[in-house]
Structure formats: structure tokens, C-alpha cells
Amino acid sequence: MLILLEGFWKWLLDFGLASPRWTVEDMPDLTGKVAIVTGGNAGIGYDTAKGLLRKNATVYIGARSIPKAEAAIKSLVDATGNPKVFILKMDLSDLGTVKQAAKEFQSKEGKLHILINNAGILSTEMDVFTAQGYDQQFGTNVLGHYFFSKLLMPLMESTAATLPSNDPVRLVELTSDGHVFNTNSYTLIDYDTLKPGKGRDRMDPLQSYYQSKSGNLLVSKARARLLTGKNTVSICVHPGRIKSALIHQLSGMEYFTARVIAYPSHMGPITSLYAATAPEAAQFNGKYLGPWARVKNPRSDHVGNIQAEDKLITWLEEQIRIHNRV
Ligand SMILES: *[C@@H]1O[C@H](CO)[C@@H](O)[C@H](O)[C@H]1NC(C)=O
């Protein structure tokens, strides 16, 4: 029954006969604000950057490919009339480039109001690893973003100190409701699967994706605890099932199903932009938001699981210590 209702609503949306309760038009003016959107050259990230630019923010898009990012920037400027959009060259699967990108950003900007850890990869093969030898999905979606945010944290803190308490710095981490399919229990991450070795026999590409999305949730919640009282909010977002470039990485039946149940791409940035800009979202430190711009509950073992949060943070810090010199 619920599926039928949702299907009907989606059909109304497709034909412009319905709209979500909060849309990109509801965003406040962002003049003077500086934002970074990782993966901002395509898909949901591109539409997120576009929304921020429309409201006159300065936006840096993190991207691996300079030619693709240049093309994206040209079309963003054309679409919004806002020329304040720049490339931040980075590959989240290579910690050396992440460090370089954070350095480059800080050489250009003295403030950072909004960081949207949007980039994500889905369902890469199990024999693909990051430059530092980690599971490609966990290394990119979780470790790369964790390192990037950590490097920018001092700048976010100094920015936060200049802002009123009803308009804090926003650190938005994208996850997916796919985390509910993560089959790990207790600490939610199966650490033996993150590096080459026998443990990976237990994993498949989708399970590894779900695990990485649990990782994003745990990081966002752990940060929320650390940031309490620092005028910065850490919010985790499931953007909704969107017809984005990501689903092209699926195959056969998975791809077909994703197409049927996915929403139009213009809805993709709604929940991220709400978390990143809406005045009421200033109260949402540590919350998980789902489509469209609503506070939701993640799977119950992802709530208040301090043990899982701490274990992941310890692991991430350890990997960064090992590779910080790359
Ligand atoms: C947009 O931002 C620039 C500074 O970044 C400012 O000079 C300009 O007045 C703003 N435009 C609007 C319409 O607020």
C-alpha cells in the first residue's frame, strides 16, 4: 500500500503536480559564504553546487578530472550567472591529493562555512583498492572524506567563532538508507575486509558499499559529539534514490530496479541543501536527515552506538597517522 502511495506521489512529481515541502527556492541568501562540495562536477553534487551558487555563495567543487570539472564550471556559471565557482582538484581515493586540496583551499580562502562531503562511489569490484591500499569504497567514501574534513577542521572552527549561534558552520556528510542492508552487527564495520586479505572473501561490492555508508553515519555522529558547543553542526544526509550517475555503476537487474524506483535528478540536492543552509537545520547537530528534508531514524544500532563510533574514529586516525606523509 505504501509503495502504491509513494508510486503515485512520484508520478505526480514527475509531471510537476506535486512538490516537496522544502525546495531549493526556500534557501536563504548565501552572500559571503564559502562552501565546498566534493564530487561537485556531476550528479547530486553538481545540482547541490548549483543551488548554492544561485543564492550567491562561493563554491569550490572537489573533482578528480580537470576537464570534466572545467565543463561543469562553465555550465554552472551559465545556469546561475554566479562566477564564484572554482575547482579543487582531488581524488578521495588518494590521501596525498586530499591533503594537497585542503592546502590549496586554505591558501585561497580564509573561511569555510559549509562542507558537503557528497562524493561517493558505488559497487566497485573487490579487487580495486585506493592509492594507499584500502577497499576502494571505504577508502573513498569514508577515509578520504574523514581526512579532508579533519584537515579543514581548524578553518571551520575559526570560521564558526565569527558566526552567530543561529547560523553555525555546517558539516554535511552524505550516507544512504542502504546502510540498513549492512549485515555487520555490533561495531558495524568488519575491519578485516578493509585491506587485501582473506577477510575480503566475506564481502561483495554492494555489501562493501553498505558498510561504507554505515561508516559515514558513524563518522557524522562521532563528530557531532566532538563539535558540541563549537558552533558547528555535523549532519548526515540520505539524499533519496535519485537518477544520478551513480546508478550507472550498477549492472543488469540492479540498474533496472534503481531506474524504476529512482526520483528525478532535480530533487537530489534538496536534503543536502536543507542541512547546509536552512535556519531550522542549525538545531540538527548529530541528526540523520532523509528525503525530502526530514529528520529520520537510521537503523537503531547506528544510534548512540558510541563503541562503534569510537572504534571507527580510532581506526581512521591510525590510518591517517600511517599515511599522513604521503
Ligand atoms: C553576491 O556576492 C558578492 C560578493 O561575493 C557581492 O558583492 C554581491 O553584492 C552579491 N550579490 C547579491 C545579489 O547579493
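The values are calculated or read from the model by the stated rules, or taken from the named source; none is laboratory data. None of these values were measured; they are calculated from a predicted model. Methodologically, a virtual Cβ is constructed for each residue, glycine included, from the backbone with ideal geometry; neighbour enumeration extends over all protein chains shown. Surface areas here come from the heavy atoms of the whole protein model, side chains and all, with no ligands, DNA or RNA. Shrake-Rupley method; radii C 1.70, N 1.55, O 1.52, S 1.80 Å.
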Most positive-pole-ward Cα, 92, 164, 298, against dipole of the chain from beta carbon charges | 164
Simple SL model, points at 7 angstrom along Cα→Cβ for residue 322 and residue 127; separation in nm is 2.3
Karplus-derived HN-Hα couplings along region 291-307 (A = 6.51, B = -1.76, C = 1.60, θ = phi - 60°), whole Hz, x at Gly and Pro | x, 9, 6, 10, 6, 10, 9, x, 3, 4, 6, 9, 10, x, 8, 4, 4
How much of the DSSP beta bridge set in the chain is antiparallel, as a percent to the nearest 5?
-> 15
Spacing of the two label points (7 Å from each Cα toward its C-beta) at residue 307 and residue 100, in nm = 4.2
Sparse-neighbour loop sites [chymotrypsin sites (Phe, Trp or Tyr not before Pro); region 132-210; at most 11 other C-beta within 10 Å; DSSP] = 186
Name the residue farthest towards the positive end of the dipole of region 195-247 from the options 228, 240, 207, assuming +1 on Cβ of Lys and Arg, -1 on Cβ of Asp and Glu, about the Cα centre.
-> 228
Separation in nanometres of the label points that stand 7 Å from Cα toward Cβ, at residue 266 and residue 185 = 4.6
Furthest towards positive pole of dipole, 83, 41, 255, structure part the chain, Cβ charges = 83
Considering Cα pairs under 8 angstrom that are at least six residues apart, work out the relative contact order of the chain and quote it in whole percent.
-> 19
Rounded to the nearest 10 Å², the accessible area of residue 78 at probe 1.4 Å = 110
Extent along principal axes [Cα atoms of region 2-324; Å; largest to smallest] | 52, 49, 40
If amide H atoms are built 1.01 Å from N in the plane of the peptide, which residues on other chains or at least 5 residues away come under 5 Å of the amide H of residue 62?
-> 37, 38, 39, 40, 88
At a 1.4 Å probe radius, carbon and sulfur cover how many percent of the accessible area of the chain?
-> 56
Taking the Cβ of residue 217 as the center, what net charge do the other residues with Cβ under 15 Å away carry, scoring Lys and Arg +1 and Asp and Glu -1?
-> +3
With x for Gly and Pro, the residue-by-residue ³J(HN,Hα) of region 217-225, computed from phi through the Karplus equation 6.51 cos²θ - 1.76 cosθ + 1.60 at θ = phi - 60° and given in whole Hz, is 5, 5, 4, 4, 6, 4, 5, 4, 5
Rounded accessible area per residue of region 56-181, 1.4 Å, Å² = 37
So who's got an amide H within less than 5 Å of the one on residue 242, skipping anything under 5 residues away but keeping other chains? H placed 1.01 Å off N, in plane.
-> 263
Is there a pair in 55/99; 150/287; 111/150 whose C-alpha atoms are over 23 Å apart, and which pairs would that be?
-> 55/99
With +1 on each Lys and Arg Cβ and -1 on each Asp and Glu Cβ, and nothing else charged, work out how big the dipole of the chain is about its Cα centre, in Debye to the nearest 20.
-> 480
Report the local net charge at residue 273: Lys and Arg +1, Asp and Glu -1, summed over other residues whose C-beta lies under 14 Å from its C-beta.
-> +2
Under the rule of -39500 (n - 2.57) per DSSP H run of 4 or more residues, summed and divided by the residues of the chain, what mean residue ellipticity at 222 nm is obtained, to the nearest 500 deg cm²/dmol?
-> -13000 deg cm²/dmol
